[in-house]
Amino acid sequence: MPTDNQIKKNAVLEARGITKRFPGCCANEQIDFEIKAGEVHAILGENGAGKTTLMNILFGLYQPDEGELYFDGEKVDFKSPLDAIKKGIGMVHQKRKLVMAHSVIENIMLGHPHAGEILNFKRVKQEVTELCEKYGFKLDLNAKVWQLSEGQRQSVEIIKALYRGAKVLILDEPTSALSPPETRNLLDSIRTMAESDLAVVPFITHKLPVVLDISHRVTVLRNGKVTAQFATEGATEKSLAKSMVGREVIIKLDKVEVERGKPVLEVENLSAYSEKDYLALKGVSFTIHEGEIFGIAGVSGNGQEELAEVLAGLRSATTGTILLDGEDITRNSTLERWRKGVGYVPAERNEVGSIADYSLIDNVAMNYYFEEEYVPRGVINYKGLRELTENLIAEYNVATPGPDVNARALSGGNLQKLILARVLSRKPRLIIASLPTQGLDVGAIEFVQNKLLQAKKDKAAILLISGEIEEALSLSDRVAPIYEGELMDIIPWTDAERDNVGAMMAGIKPKVESL
């Protein structure tokens, strides 16, 4: 954990009294914030706390309704991101802004303030190489972006911002999609940036150990307001979580011991192609029993999404068999699988798990439209569906004005609660939970994980697909790291060590000692 180092330098970037309103809400209210050279100043907050709005204002994507911004003591008025970039502010978004078909060096040059001029390609390449060496980024500048891992793509975004002359670097959830080794490398690079007098602003929802590891100071937002500002030295995960949520949060849930029952899901030699027509899943085999959480731990893009879709009936298997309670369902439709007791919580809660312009009632109906009680003789029972939705909203603490609002009105955490509610309320035999806590704040994570543990107590078999190694280890009875479509090992939780599992997520197979 870094100390404040008694940083006495003037603020590089300062926000005073920033207020931003949208129809029906005040996203930011009288926010004061500053970041100094050589400082890592983390901004924490739950989903919907106002972090993204503030970030977009600092980068010129939004203009504040009230308040002022100062850069190097001079008042500035950013009309666009280009204005912010020219002043020396860089931002790395959680969703990458790269052209996949172009090379690394082409992406770094693309959109450069001097891109309209004749650039000396050889000199640019040399300057970028020096930047990579200075901050510890290992990149093949000639590689196409689509060939890179998620961590490497993020490195391209960071180097792109630094090459544009960024003095302040804003990072949106910087470690959310990285493997443990990639996370360690990024944190080392951030430390080097701070030592080189850059100012770094990570916006973080739940990676509290990262905050403790690299930040000097923390600003906490809640409901659009600053609720706390303090030096990180002396803080703990629990104190950070309490500042964010306003109550005590259980950071690590206790392992729930349930007597393991008979096999529910049996997968044998399962393979499948991706949408880009390459073999994404390669001969995977495993079994999940009643009252068991089987964790698939991996960085996004290693075949876990295809695995979830094949099991849910959304993607065809090219080889292998899927047995549910001993019955072959490999060729069954999604509807047939639901009726037999398969529940699916997709990773994409917006694109796959919900319909943004449909009401919450209609979204709940997506898992009940084939039930005679709610659609008797093909006629929708809206009264029954309304009552069901209202009960689920109450049971799962979904923050919403009512069941008639559209799904797009919900925050990410509340939308995930609604999706989880409509799936778990049917008491499925098998629950496929793909990245169920991705992008959620610590309070919502605690809630979702508790619901999965309760389903385990109720004897459901649960396939947990997670990119968070801590989550996979704390919830799972057995953990299977996945890399490039293959399970590297299947490890009982009593034998699973963080570093070993993290290495396997990065493709490093465990050493086998010879006899």
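Tabulated results
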quantity	calculated
Extension gain, Cys26 back to Glu387 (0.36 nm per residue minus Cα-Cα distance, nm)	126.8 nm
Relative contact order (%) - criterion: Cα under 8 Å, at least six apart; region: the chain	16
Fully extended contour minus Cα-Cα distance, from Glu275 to Asn10, at 0.36 nm per residue	90.3 nm
Ranked Cys26, Cys132, criterion: other C-beta atoms within 10 Å, fewest first	Cys26, Cys132
Estimated FRET transfer efficiency when R0 is 41 angstrom, pair Lys262-Thr236 (beta carbons, to 0.05)	0.45
Inter-site label distance for Lys97 and Trp146 at 7 Å from Cα along Cβ, in nm	2.3
Anisotropy class of segment 298-416 from Cα gyration tensor, a/c 1.5 cut	oblate
Segment 74-92 residues near the modelled Glu127 label - backbone nitrogen below 20 Å, point 7 Å along Cα→Cβ	82-92
Low-density loop positions, chymotrypsin sites (Phe, Trp or Tyr not before Pro), segment 253-300 - DSSP coil, at most 13 other Cβ in 10 Å	Tyr278
Bridge type composition, the chain - antiparallel percent by DSSP, nearest 5	55
Low-density loop positions, trypsin sites (Lys or Arg not before Pro), segment 4-70 - DSSP coil, at most 16 other Cβ in 10 Å	Lys8, Lys9
FRET efficiency, 1/(1 + (r/R0)^6) with R0 25 Å, evaluated for Glu68 and Ala228 via beta carbons	0.65
Whole-Hz ³J(HN,Hα) from phi, Karplus 6.51 cos²θ - 1.76 cosθ + 1.60, for segment 262-272, glycine and proline x	6, x, 9, 10, 10, 10, 10, 6, 7, 10, 7
Dipole of the chain [Lys/Arg +1, Asp/Glu -1 at C-beta], most positive-end residue of Phe33, Leu270, Met504	Phe33
Cα gyration tensor shape of segment 261-349, rounded if a/c is under 1.5, else prolate or oblate by comparing a/b with b/c	rounded
Scattering curve values for segment 348-427, log₁₀ I(q)/I(0), Debye with Cα scatterers, q = 0.12 Å⁻¹	-0.29
Antiparallel DSSP beta bridges within segment 11-245, as percent of all bridges there, nearest 5	60
Taking Glu127, Glu372, Glu292 and counting other C-beta atoms within 10 Å, the order from fewest to most	Glu372, Glu127, Glu292
Rounded FRET efficiency, nearest 0.05, which uses the C-beta distance separating Ala399 from Glu327 and R0 of 60 Å	0.90
Positive-end extreme of charge dipole, the chain - chosen from Ser196, Met366, Val12 (charges on Cβ)	Val12
Linear extension gain, Asn120 paired with Lys134, 0.36 nm per residue minus alpha-carbon span	2.9 nm
Residues Leu169, Leu61 arranged by fewest to most Cβ contacts within 10 Å	Leu61, Leu169
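Since every read-out is calculated from the coordinates, none of them should be taken as a lab result. All figures in this text were calculated on a predicted structure; none of them were measured in a lab. Note that each Cβ is placed from the backbone with ideal geometry, even for glycine, and that neighbours are counted across all protein chains shown.
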